[in-house]
Amino acid sequence: ALESLNMALNLSNQLVEVENYAMRLVVEAGGYDKTRIPDMILEIPLEQEDMDLKPQEMKEKAQKLVFDNNYMHYKDRIRENVNLCTQSLINGSSQELERASAQLAMLVNIQTAMTILFMLIVLAIVIVITEMIRKPLSKMVLKMQTQEIIPPTGVEELRFASHAPTTRSCRRTGRPMRG
């Protein structure tokens, strides 16, 4: 891209020189007030053969310089190099966009996997809580209601509750619990 842009700049600078020379010819041919003409135009030296031309011939040569095929060829080459630069930048941007898109897709996949893993962990915790606390507690309550002996199962707290002294009475029936 940079090479194409530099080529376009060089061609453009060469074309500016041609345009400035054409302006210098017109200034010389037109008899303009030279105090109103920029110094950079006045400082351009005319070739000896152009100094020998009549004013009308100088104007015609100036027009030819900026309207002939050579001038148009320069413009076409400038346009071509600018297009090459633009295309190169577009291609580079597209490749960068594709890389960024691939990275984003990978991050989304990782995030999805992490979310699924998190959900599995939560599900495992729920299952553990259900199996180790809720089910034994529910069984214990049923056995208490039917006044059966409560075997020491489940988490430590439930085992402790199942070994409670038999002197306690069940709140509902007023009868002592079996332990």
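The values are calculated or read from the model by the stated rules, or taken from the named source; none is laboratory data. Keep in mind that what you see is a predicted model, and the values were worked out from it rather than measured. In this analysis, Cβ positions are derived from the backbone assuming ideal geometry, glycine residues included, and neighbour counts consider all displayed protein chains. Please note that ligands, DNA and RNA were not included when accessible areas were found on the heavy atoms of the full protein model with its side chains. Shrake-Rupley method; radii C 1.70, N 1.55, O 1.52, S 1.80 Å.
About the Cα centre of the chain, how large is the charge dipole given +1 on each Lys and Arg Cβ and -1 on each Asp and Glu Cβ? Please answer in debye to the nearest 20. Let's see the in-between values first.
Working: 21 positive and 22 negative charges, 706 e Å.
Dipole of the chain, to the nearest 20 debye: 3400 debye.
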Quick one: length gained pulling Arg99 to Tyr32 fully straight, 0.36 nm per residue minus the C-alpha distance? 18.1 nm
May I ask you to give the solvent-accessible area per residue for the range 1-74, in square angstrom, as obtained with a 1.4 angstrom probe? 71
What's the carbon and sulfur percent of the chain's accessible surface, probe 1.4 angstrom, rounded to a whole number? 60
Area accessible to solvent at Met58, 1.4 Å probe radius, in Å²: 10
Those lysines that a straight Cα-Cα span of less than 26 Å connects to Lys75, excepting residues fewer than 8 apart in one chain: Lys59, Lys61, Lys64
Sketch the reach of a paramagnetic label on Asn83 as a point 7 Å from Cα along Cα-to-Cβ, and name the residues of the range 1-18 whose backbone nitrogen lies under 18 Å away. 1-9, 11-12
Could you state the angle between the C-alpha long axis of helix 2-30 and the longest principal axis of the C-alpha atoms of the chain, as a value from 0 to 90 degrees rounded to the nearest 10? 30
So what is the relative contact order of the chain, in percent, for Cα pairs below 8 Å that sit 6 or more residues apart? 19
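Starting from the range 1-80, pick out the GluC sites (Glu not before Pro) whose DSSP state is loop and whose Cβ has at most 10 other Cβ atoms within 10 Å.
On the way: sites: Glu3, Glu17, Glu19, Glu28, Glu43, Glu47, Glu49, Glu57, Glu60, Glu80; in loops: Glu43, Glu47.
Counting only loop positions with at most 10 other Cβ atoms within 10 Å, the GluC sites (Glu not before Pro) in the range 1-80 are Glu43, Glu47.
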Using protein chains only and a probe of 1.4 angstrom, how many square angstrom of Lys34 are accessible, to the nearest 10? 90
With every protein chain kept in place and a 1.4 Å probe, the range 99-148 has an accessible area per residue in Å² of 83
For Lys135, counting only aspartates and glutamates whose alpha-carbon sits under 12 Å away and dropping same-chain residues fewer than eight positions off, the answer is none
